[in-house]
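One structure below.
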Amino acid sequence: MRFSRRGFFGLVPAGVCAAAQGSIDRQARVRRHNPVLQNTLDPRSPLSVGNGEFAFTADPTGLQTFPQAYENTMPLCTQSQWGWHTVPEPAGKGANDLRLTPFETHGRKVGYPTSATGQKELFDWLRENPHRLHLGLIGFAIAPAVLPPVARTSGKTPAPENFSPIEQTLVLWTGVLRSRFHYGGREVTVETCCHPTLDLLAVTVSAPPNVVFEFPYGSGAMTAADWDHPDRHHTRESAFGHSRLDLERELDRDAYQVSIAWQTPASMKREGPHRWVLTPSGDRLALVCWFGRAGQKPATLPSAAETMAASREHWDRFWSNGGVVDLGASKDPRAYELERRVVLSEYLTAIQCAGSLPPQETGLTCNSWFGKYHLEMHYWHAAHFARWGRAPLLERSLGWYGAILPSAREKARSQGYTGARWPKMTAPDGRDSPSPIGPLLIWQQPHPISMAELCYRAHPGRETLARYREVVFESAEFMASYAWWDAPKSRYMLGPPVIPAQENHPAAETWNPTFELEYWADALETAQVWRERLGMARQPKWEDVRQKLSPLPVKDGVYLAHENCPQTFTERNRDHPSMLGALGVLPGTKVDRETMRRTLKKVFAEWKWADTWGWDFPMVAMTAASLGERDLAMAALLMETPKNTWLPNGHNWQRANLPLYLPGNGGLLLAMAHMAKSGAFPEAWEARWEGLV
């Protein structure tokens with residue numbers, strides 16, 4: 001029997017290139033990095049299973065039995081790409097009622113949604129809605145699944161004295177989470193996995209305690225859940241049979257469905273308005289729990305055994321195909337740690353960043369920025385899939401740009417430009433969220449062109465060109481329209497107003513940022529090549545802008561963040577050292593390599609690394625690799641600084657309210673592919689690779 005509503009991983013064969021003699025033992029490479037948690041409940045490192053569209057994060061019981069212990073560190077959530085919630089809007093107000101802030105733009109005013117002054121309620125509502133939703137908690141009834149508010153905020157771990165974890169292992173090659181713990185004088189073993197093509201969790205348990213299913217109201221908080229207002233939502237039984245329960249969930253104007261089926265003797269009982277308890281009748285329990293949009297309830301569900309088998313087959317195929325970098329023969333202990341980060345990043349981006357929508361920065365683990373995604377980060381989340389021979393995983397979310405093309409065109413038109421202007425912080429509807437910074441960013445604009453080109457290189461042909469041509473051309477049209485002709489200096493400028501990738505520069509005082517100038521030139525050239533591939537002539541305006549863009553700004557022999565920096569780097573030498581991205585991330589056609597080398601070394605000497613972000617380290621490594629600076633490349637990747645912290649579960653920790661940061665994982669994979677192809681690993685390392693495009 002086949003259970004599928006979508007193809008998940010259509011992969012290309014490995015072996016595009018190899019850097020050393022001898023085949024790579026892919027399974028040994030993956031298995032040596034299985035995350036193992038022993039005798040501990042570590043709130044910073046819960047483990048997740050998922051499929052790109054759906055993910056479930058568990059504690060040492062293999063379920064979400066002790067959510068309070070994780071609430072303020074890395075919450076235990078059940079999330080999907082489609083699971084969103086919107087609270088009622090302010091009375092009589094909507095998105096069109098938000099007043100825009102006018103910015104002087106070369107002789108005309110352009111409005112941006114950057115100020116909450118006098119409209120804070122509407123500003124905040126538009127920023128916080130829709131927010132991603134915690135679909136439901138599944139845990140063992142060995143502690144209250146949901147405690148009263150006072151207990152939940154006390155900081156106490158609600159584990160009973162007769163519970164003790166033994167060992168938990170995420171078997172990466174099969175996608176199965178195996179957990180063992182003691183409870184009530186018995187050893188309980190649990191296996192948890194996610195179906196590869198359904199938003200469905202499978203669980204098998206020996207010596208099983210009762211299992212609790214509980215459902216919250218929506219929240220934009222990191223937990224994605226509000227347990228304090230049971231009266232604001234409804235959970236109804238739509239069908240109840242001998243071994244299956246179907247539920248309908250309603251939260252304001254949003255709705256979804258849940259189906260629970262068990263394949264071993266058990267009884268289900270309702271214990272509250274949003275709480276059900278499944279009581280096993282024997283020494284073994286097997287169940288599945290499916291989540292889906294309203295109206296999508298399947299007639300049949302796969303069993304737990306069928307789901308486990310599908311997971312094993314799926315992950316075997318994933319790991320056996322695509323790119324691989326093997327550092328296992330290297331004696332340097334740094335090589336082992338770097339390989340661990342790489343392998344876990346492959347897994348985490350596959351379950352968190354390979355869905356039908358661009359991912360949020362915390363993926364499907366928990367909420368950041370209300371669960372919305374930041375399109376300037378889409379490249380860092382997903383571009384590596386194409387470099388690692390897994391382009392279909394990038395293409396799944398790349399198609400979303402076509403879906404929001406009408407609103408992106410309208411956004412450009414409303415500001416007096418042509419083409420399509422992509423939002424910064426958004427949700428499935430494509431509406432730009434108000435922010436003092438976000439609406440003025442532009443470096444997300446070339447991303448669809450760059451990512452479409454990666455897909456073309458993986459699948460060259462007219463089919464790929466036809467699929468993305470409109471997005472590529474409309475992106476380029478806006479870019480050419482946005483550039484301003486500076487007649488006295490006979491050049492095109494970017495901004496003002498503009499906020500560059502290094503966001504701590506005032507929009508009205510910033511123009512010609514280094515990274516964006518290089519990206520504009522590269523993306524416009526790519527768009528022209530696409531026209532030629534389709535038998536079309538080069539677009540004259542695009543070509544004029546590309547050829548006459550301002551040169552990259554230089555002062556004191558190094559590249560500046562932007563042309564109007566008052567000093568070299570300015571006092572703002574924190575956040576992203578984005579000027580380095582002009583070579584490495586990008587080909588650097590406008591870059592002088594020795595100027596960039598001096599810039600790289602100055603950044604290493606003077607940058608405030610504690611105030612950077614997780615993708616900055618791989619970006620710097622790519623610049624260093626492009627310049628042949630092997631030692632600096634490794635120093636960047638393995639720098640010991642808070643934002644380059646890598647947890648036992650493979651997540652890139654940033655700060656207390658951003659406990660994971662998937663752009664760091666995706667960036668690492670980009671950097672590893674770049675370093676392999678550049679020959680930038682230390683000479684003493686025994687590095688082998690294959691399947692890198």
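Please go through region 643-693 and pick out each residue that is among the aromatic types (Phe, Trp, Tyr) and either within 16 Å of Met622 (Cβ to Cβ) or surrounded by fewer than 24 Cβ atoms within 10 Å (Cβ to Cβ) (or both). Spell out the reasoning first.
First, pick out the residues of region 643-693 that are among the aromatic types (Phe, Trp, Tyr): 646, 653, 661, 681, 685, 689.
Across region 643-693, the qualifying residues are Trp646, Trp653, Phe681, Trp685, Trp689.
When Arg491 is tested against (1) in contact (Cβ under 8 Å) with a residue 12 or more places away in the chain; (2) under 30 Å from Lys608 (Cα atoms); (3) in contact with a Pro (Cβ under 9 Å, 6 or more places away or on another chain), exactly one condition is not met: (2).
Please work out if Tyr519 is closer than 21 Å to Gly495 by Cα, touching a Ser or Thr at 6+ places or on another chain (Cβ under 7 Å) and crowded, with 17+ Cβ neighbours inside 10 Å. Walk me through it before giving the result.
Details: closer than 21 Å to Gly495 by Cα: yes; touching a Ser or Thr at 6+ places or on another chain (Cβ under 7 Å): no; crowded, with 17+ Cβ neighbours inside 10 Å: yes.
Answer is no for this residue.
The single residue among Ala621, Ala680 that is of a type in the set (Gly, Ala, Ser) and within 25 Å of the chain's Cα centre (by Cα) turns out to be Ala621.
Which residues, taken from region 527-542, are farther than 17 Å from Pro446 by Cβ and among the aliphatic types (A, V, I, L, M)?
Taking region 527-542 first, the residues farther than 17 Å from Pro446 by Cβ are 532-538, 540.
Hits for region 527-542 are Leu534, Met536, Ala537.
Residues of region 72-128 that are more than 30 Å from Pro60 (Cβ to Cβ), touching a residue at least 24 places away in the same chain (Cβ under 8 Å), hydroxyl-bearing (Ser, Thr, Tyr) and not in a loop (DSSP other than H, G, I, E, B): Tyr112 alone.
Residues in region 593-603: is at least one among the basic types (Lys, Arg) and in contact with a Lys or Arg (Cβ under 8 Å, 6 or more places away or on another chain)? Within region 593-603, none of the residues are among the basic types (Lys, Arg) and in contact with a Lys or Arg (Cβ under 8 Å, 6 or more places away or on another chain).
Thr570 meets each of the listed conditions (1) out of contact with any helix residue (DSSP H, G or I) (no Cβ under 9 Å at 6 or more places or on another chain); (2) at pLDDT 95 or above apart from (2).
Among residues that are within 30 Å of Thr349 (Cα to Cα), among the hydroxyl-bearing types (Ser, Thr, Tyr), surrounded by fewer than 20 Cβ atoms within 10 Å (Cβ to Cβ) and not assigned by TED's automatic domain parsing to the domain that holds Lys677, Ser281 is not included. Here region 102-137 is the region considered, the condition is being out of contact with any Pro (no Cβ under 8 Å at 6 or more places or on another chain) and farther than 29 Å from Ala294 by Cα, and the residue that is surrounded by the fewest Cβ atoms within 10 Å (Cβ to Cβ) is Gly107.
Search region 21-46 for residues being among the hydrophobic types (A, V, I, L, M, F, W, C) and under 14 Å from Thr174 (Cα atoms), and hand back the single one that is surrounded by the fewest Cβ atoms within 10 Å (Cβ to Cβ). Even if it seems obvious, please write down each step before you answer.
In the first step, residues of region 21-46 are kept if they are among the hydrophobic types (A, V, I, L, M, F, W, C); the result is 24, 28, 30, 36-37, 41.
From the residues that got through so far, the ones that are under 14 Å from Thr174 (Cα atoms) too are 28, 30.
Values: Ala28: 10, Val30: 21.
For region 21-46, the residue satisfying everything is Ala28.
Looking only at region 583-606, residues that are under 25 Å from Pro642 (Cα atoms) and crowded, with 20+ Cβ neighbours inside 10 Å come to 5 in all. In region 303-322, the qualifying residues are those that are touching a helix residue (DSSP H, G or I) at 6+ places or on another chain (Cβ under 7 Å) and either hydrophobic (A, V, I, L, M, F, W, C) or crowded, with 16+ Cβ neighbours inside 10 Å (or both), and the one that is farthest from Ala28 (Cα to Cα) is Phe318.
For region 607-628, what are the residues that are of a type outside the set (A, V, I, L, M), buried (at least 16 other Cβ atoms within 10 Å of the Cβ) and farther than 20 Å from Asp556 by Cβ? Give the derivation first.
Residues of region 607-628 that are of a type outside the set (A, V, I, L, M), as a first pass: 607-609, 611-618, 623, 626, 628.
Filter once more, so that each one left must be buried (at least 16 other Cβ atoms within 10 Å of the Cβ): 607, 609, 611-618, 623, 626.
Hits for region 607-628 are Trp609, Asp611, Thr612, Trp613, Gly614, Trp615, Asp616, Phe617, Pro618, Ser626.
Sort through Trp520, Trp542 and tell me the only one that's more than 29 Å from the chain's Cα centre (by Cα), of a type in the set (A, V, I, L, M, F, W, C), at negative phi and at pLDDT 95 or above. Let's see the steps before the verdict.
Working: Trp520 fails: more than 29 Å from the chain's Cα centre (by Cα).
Being more than 29 Å from the chain's Cα centre (by Cα), of a type in the set (A, V, I, L, M, F, W, C), at negative phi and at pLDDT 95 or above holds for just one of Trp520, Trp542, which is Trp542.
Would region 186-196 turn up any residue that is surrounded by fewer than 21 Cβ atoms within 10 Å (Cβ to Cβ), within 30 Å of Pro35 (Cβ to Cβ) and at pLDDT below 95? Outline the logic, then answer.
Kept after step one, since they are surrounded by fewer than 21 Cβ atoms within 10 Å (Cβ to Cβ), are these residues of region 186-196: 186-187, 189, 191.
Remaining after also requiring within 30 Å of Pro35 (Cβ to Cβ): 186-187, 189, 191.
Now drop any that are not at pLDDT below 95, which leaves 186.
Yes: one or more hits.
When Asn504 is tested against (1) modelled with pLDDT under 95; (2) in a helix (DSSP H, G or I), just one condition goes unmet, and that condition is (2). Among the residues of region 237-248, those identified as touching a Lys or Arg at 6+ places or on another chain (Cβ under 8 Å) and farther than 15 Å from Leu278 by Cβ are Ser238, Glu248.
Taking Ala483 as the residue in question, decide whether it is hydrophobic (A, V, I, L, M, F, W, C), buried (at least 21 other Cβ atoms within 10 Å of the Cβ) and touching a residue at least 60 places away in the same chain (Cβ under 8 Å).
Numbers: hydrophobic (A, V, I, L, M, F, W, C): yes; buried (at least 21 other Cβ atoms within 10 Å of the Cβ): yes; touching a residue at least 60 places away in the same chain (Cβ under 8 Å): yes.
When the stated conditions are applied, Ala483 passes them.
Applying the set (1) within 30 Å of Ala633 (Cα to Cα); (2) crowded, with 24+ Cβ neighbours inside 10 Å; (3) under 13 Å from the mean Cα position of the chain (by Cα) to Lys372 leaves exactly one unmet item: (1). When region 223-245 is limited to residues that are crowded, with 18+ Cβ neighbours inside 10 Å and touching an Asp or Glu at 6+ places or on another chain (Cβ under 8 Å), the one that is nearest to Thr362 (Cα to Cα) turns out to be Thr223. If you go through region 333-360 and keep only what is assigned to a loop (DSSP other than H, G, I, E, B) and either out of contact with any helix residue (DSSP H, G or I) (no Cβ under 9 Å at 6 or more places or on another chain) or within 19 Å of Gln444 (Cβ to Cβ) (or both), you end up with Cys353, Gly355, Ser356, Leu357, Pro358, Pro359, Gln360.
Scanning region 410-436 for residues that are free of Cβ contacts under 8 Å to residues at least 12 places away in the same chain and either crowded, with 21+ Cβ neighbours inside 10 Å or of a type in the set (Phe, Trp, Tyr) (or both) returns no hits. For region 545-566, the set of residues classified as over 20 Å from Ser450 (Cβ atoms), touching a helix residue (DSSP H, G or I) at 6+ places or on another chain (Cβ under 8 Å) and surrounded by 15 or more Cβ atoms within 10 Å (Cβ to Cβ) consists of Ser550, Pro553, Val554, Val558, Tyr559, Leu560, Ala561, His562, Asn564, listed by residue number.
Within region 202-265, considering only strands (runs of 3 or more DSSP E) that don't extend past its boundaries, which have at least 2 residues that are modelled with pLDDT under 95 and in the same structural domain as Gly139 (by TED's automatic domain parsing)?
On the way: elements: 211-214, 233-240, 244-251, 254-262.
Filter on region 202-265 gives 233-240.
Rundown of residues vs (1) polar (S, T, N, Q); (2) over 14 Å from Leu135 (Cβ atoms), yes/no style:
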| residue | (1), (2) |
| --- | --- |
| Pro35 | no, yes |
| Asn39 | yes, yes |
| Pro43 | no, yes |
| Glu53 | no, no |
| Phe56 | no, no |
| Thr78 | yes, no |
| Glu89 | no, yes |
| Lys93 | no, yes |
| Asn96 | yes, yes |
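Only a single item in (1) in contact with a helix residue (DSSP H, G or I) (Cβ under 6 Å, 6 or more places away or on another chain); (2) without any contact (Cβ under 8 Å) to a residue 24 or more places away in the chain is not met by Pro577, and it is number (2).
The values are calculated or read from the model by the stated rules, or taken from the named source; none is laboratory data. Bear in mind the structure is a predicted one, so any value in this text is a computation, not a measurement. Virtual Cβ from ideal backbone geometry, glycine too; neighbours counted across all protein chains shown.
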